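A short write-up of the structure that comes next.
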Amino acid sequence: MNADFSPYVNRLPATEVPVENVTLAPGPFTMSYGFNLDFLKASVEGAGLLNPPILLESGAGDLLIVSGYRRISALVELGRTHFPARVLEANKIHHLDALLINFFDNLATREFNPVEKGMILGRLAEYLSVEQILDFYMSLLGLPPRKSTLENYISFDRVLDEILKRSLLDGTISEATARALLGRSKEERQAMSGLFTKVTFNMNQQKQLLELLTDTSRISGVSIAEMIQSEPFADILDSASMNRPQKARAILLLLRTMRFPRLTRADEVFKKRVAKLHLPQEVQIKASPYFESEFYRMEISFRNGRQLKDLINQLVNIDGLQEMQDPWEGAE
């Protein structure tokens, strides 16, 4: 902010402003998203409006919110028709300075979420060069000074739909997943936003989901949106017997079956062969994921050496153990 404006802003008296004169929709200086007004309303009801918002004459007869968007939103929800505010004259301050008033006012009092960071960077980009933003403002937002990071955060605000924005803020999807979704078509993002509202994927599962959807779509020629809207997906999503994490595992299994039909069949054959051995319950034979390793693993759980010896003797006498081989070899 131009230092010449600080005395002007600071000495402005607060005047009573009718709510009807204020543009309440998010405007060019707004940098608040995904907030809860309950505590703020309680504060206003208990102690009044201690810090008057700052407004700017638009030149068209109405007033734009410079700072205090949340406070004004709380006042409106409380049914207030007037509130004290400091009003800046349109011809005495540049819009960039008005934006920076709000930025530094918020920077001193709270953390910005990813969408808010995108709102800030997008608004700064209307007045400043990329180099200016990277050199100064990225570090203030706790971000690395990279152009790709700048572009990603601006896109969080401008590209993601409301469902995905909320999913990002509440932790339903990670920032890595949000970045990956930026490169998808609008149709694909909409299909996946609906998926994320019904199913809980952890971070690793989100990565697997995107990779499997992409690969399966490329191989099959079926769009991601069509896959998600298909009957097998719908059966899982509409299932009343599975919770959200269980649905995530079921969807990933479905996609692996679609993506790797040969390996899926091999896994089924392998499990059948192991089942036919009738191993003691303390013994398990496992294959590596997708049979990536040429070796199989046997796990034995035992309480003491005597039990271990007994289990080994049982294994030695199991018919068919010596016939174990890769599931794609031999007849079933």
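Summary of values
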{"read-out": "Near pairs, Cβ below 6 angstrom, 6+ apart or cross-chain, from region 145-172 (touching a residue at least 24 places away in the same chain (Cβ under 8 Å) and under 22 Å from residue 201 (Cα atoms)) to any residue that is β-branched (Val, Ile, Thr) and buried (at least 20 other Cβ atoms within 10 Å of the Cβ)", "value": "156/115; 165/115; 167/173"}
{"read-out": "Condition met for residue 247 (free of Cβ contacts under 8 Å to residues at least 60 places away in the same chain, among the charged types (D, E, K, R), assigned to a helix (DSSP H, G or I) and crowded, with 18+ Cβ neighbours inside 10 Å)", "value": "yes"}
{"read-out": "Exclusive hit being at pLDDT below 95 and closer than 30 Å to residue 318 by Cα, set 270, 260", "value": "270"}
{"read-out": "Among residues of region 185-223, those that are charged (D, E, K, R), over 16 Å from residue 256 (Cβ atoms) and within 15 Å of the chain's Cα centre (by Cα), counted", "value": "2"}
{"read-out": "Yes/no for residue 211 being surrounded by 13 or more Cβ atoms within 10 Å (Cβ to Cβ) and either part of a helix (DSSP H, G or I) or among the basic types (Lys, Arg) (or both)", "value": "yes"}
{"read-out": "Residue match in region 49-68 (condition: in the same structural domain as residue 98 (by TED's automatic domain parsing), surrounded by 16 or more Cβ atoms within 10 Å (Cβ to Cβ), in contact with a Phe, Trp or Tyr (Cβ under 7 Å, 6 or more places away or on another chain) and farther than 14 Å from residue 23 by Cα)", "value": "yes"}
{"read-out": "Pairs with Cβ under 6 Å, 6+ apart, first in region 217-239 and assigned to a helix (DSSP H, G or I), second basic (Lys, Arg)", "value": "236/247; 237/198"}
{"read-out": "Close pairs from region 25-41: first closer than 16 Å to residue 141 by Cβ, partner hydrophobic (A, V, I, L, M, F, W, C) and assigned to a loop (DSSP other than H, G, I, E, B), Cβ under 8 Å, at least 6 apart", "value": "31/112"}
{"read-out": "All positions within region 276-305 that are under 37 Å from the mean Cα position of the chain (by Cα) and not in a strand (DSSP E or B)", "value": "287, 288, 289, 290, 291, 292, 293"}
{"read-out": "Long-range neighbours under 9 Å by Cβ, at least six apart or interchain, first residue within 9 Å of residue 327 (Cβ to Cβ) within region 256-270, second part of a helix (DSSP H, G or I) and among the hydrophobic types (A, V, I, L, M, F, W, C)", "value": "266/291; 267/291; 270/291"}
{"read-out": "Pairs, first free of Cβ contacts under 8 Å to residues at least 40 places away in the same chain and closer than 19 Å to residue 251 by Cβ in region 177-193, second part of a helix (DSSP H, G or I) and not hydrophobic (A, V, I, L, M, F, W, C), C-beta under 6 Å, six or more apart", "value": "177/206; 181/189"}
{"read-out": "Enumeration of residues in region 194-204 that are in a helix (DSSP H, G or I), buried (at least 18 other Cβ atoms within 10 Å of the Cβ) and not aromatic (Phe, Trp, Tyr)", "value": "195"}
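The values are calculated or read from the model by the stated rules, or taken from the named source; none is laboratory data. Predicted model, so just to flag it, every value in this text is computed and none were measured. Positions of Cβ are generated from backbone atoms using ideal geometry, with glycine treated the same way; all protein chains shown enter the neighbour counts.
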